[in-house]
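Worksheet for the structure shown next.
The values are calculated or read from the model by the stated rules, or taken from the named source; none is laboratory data. Keep in mind the model is a prediction, meaning the values are calculated, not measured. A quick note on method: Cβ atoms are made from the backbone with ideal geometry, for glycine too, and the neighbour counts reach across all protein chains shown. We work out accessible area using only protein heavy atoms, side chains counted, and drop any ligands, DNA or RNA first. Shrake-Rupley method; radii C 1.70, N 1.55, O 1.52, S 1.80 Å.
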Amino acid sequence: MAAQFFLLALFALSTSRALASDPGQLQDFCVADRTSQVFVNGFACKDPKTAMVEDFYFSGLHMAGNTSNKQGSTMAAVNVAQIAGLNTLGISLARVDYAPYGQNPLHIHLRATEILTVLEGSLYVGFVTSNPENKLFSKVLNKGDVFVFPQGLIHFLFNIGANEATAIAALSSKNPLVDPGVITIANAVFGSKPSISNDILAKAFQVDKKIVDHIQAQF
């Protein structure tokens, strides 16, 4: 019995060593080389000796965005596309502006958690848990309030005030528009190319096909 235990422990130890890896940074930074033809999960690193302070800097979030669109909101992202030094660091942020009663509609970040801080105005925000509970966690946020949207869950943000609202969102990815896999629910369901059959959508949403056709026409 003792011999069997020893062999099992030895096997476990050797296996853990074989699978061991360093999940953290192996260098100070990896400034994105956007000209590289090397295909990797993200961007290849440029020579650290050629890094400049501008690789870690961005200016422009003080300017409000244009919210004159159907949803009444706009986002100014600061990710690896704007700051090359964010490459491999797994973090980014965005400024989101809302017109009165504007919204950031139901969407998902497949590979990122989001933490949001309200700078001005009041937002009604929430997320829904996965099946089968589908529980809604929602709250009205005011200036200075912070809210977290867990990775992969459907969430929304709505300006409940008659004035404009502004928020800063930080995400656990270097690119909140690509790496986290943003999916806007309505766009994906009703605006897919080619379109999902109205038979399928009518049955899924328990509505008449004409209603589905009308919604799809909006996209």
Could you look through the range 48-76, keep only residues that are within 17 Å of T88 (Cβ to Cβ), outside any loop (DSSP other than H, G, I, E, B) and touching a residue at least 24 places away in the same chain (Cβ under 8 Å), and pick out the one that is most open to solvent (accessible area, probe 1.4 Å)? F56
Residues located in the range 165-178, provided they are at pLDDT below 70 and either assigned to a strand (DSSP E or B) or in contact with a His (Cβ under 9 Å, 6 or more places away or on another chain) (or both): P176
Given the conditions (1) under 21 Å from A186 (Cβ atoms); (2) among the small types (G, A, S); (3) open to solvent by 50 Å² or more (accessible area, probe 1.4 Å); (4) modelled with pLDDT under 95, report the number of the one that A94 does not fulfil. (3)
Give the residues of the range 131-140 that are open to solvent by 90 Å² or more (accessible area, probe 1.4 Å) and in a strand (DSSP E or B), sorted by residue number. K139
Just need a number here: residues in the range 146-164 that are surrounded by 19 or more Cβ atoms within 10 Å (Cβ to Cβ) and part of a loop (DSSP other than H, G, I, E, B). 0
Quick check: is even one residue across the range 106-129 open to solvent by 30 Å² or more (accessible area, probe 1.4 Å), in contact with a strand residue (DSSP E or B) (Cβ under 6 Å, 6 or more places away or on another chain) and in contact (Cβ under 8 Å) with a residue 60 or more places away in the chain? yes
So, of the residues in the range 124-168 that are among the aromatic types (F, W, Y) and in contact with a Lys or Arg (Cβ under 8 Å, 6 or more places away or on another chain), which turns out to be farthest from N187 (Cα to Cα)? F147
Taking the conditions exactly as written (of a type in the set (K, R), open to solvent by 60 Å² or more (accessible area, probe 1.4 Å) and not in a loop (DSSP other than H, G, I, E, B)), does K143 satisfy them or not? no
Matching residues in the range 169-216 (under 27 Å from the mean Cα position of the chain (by Cα) and either over 22 Å from F127 (Cα atoms) or open to solvent by less than 70 Å² (accessible area, probe 1.4 Å) (or both)) number 28
Among the residues of the range 34-47, are any open to solvent by less than 70 Å² (accessible area, probe 1.4 Å), at pLDDT below 85 and under 24 Å from T88 (Cα atoms)? yes
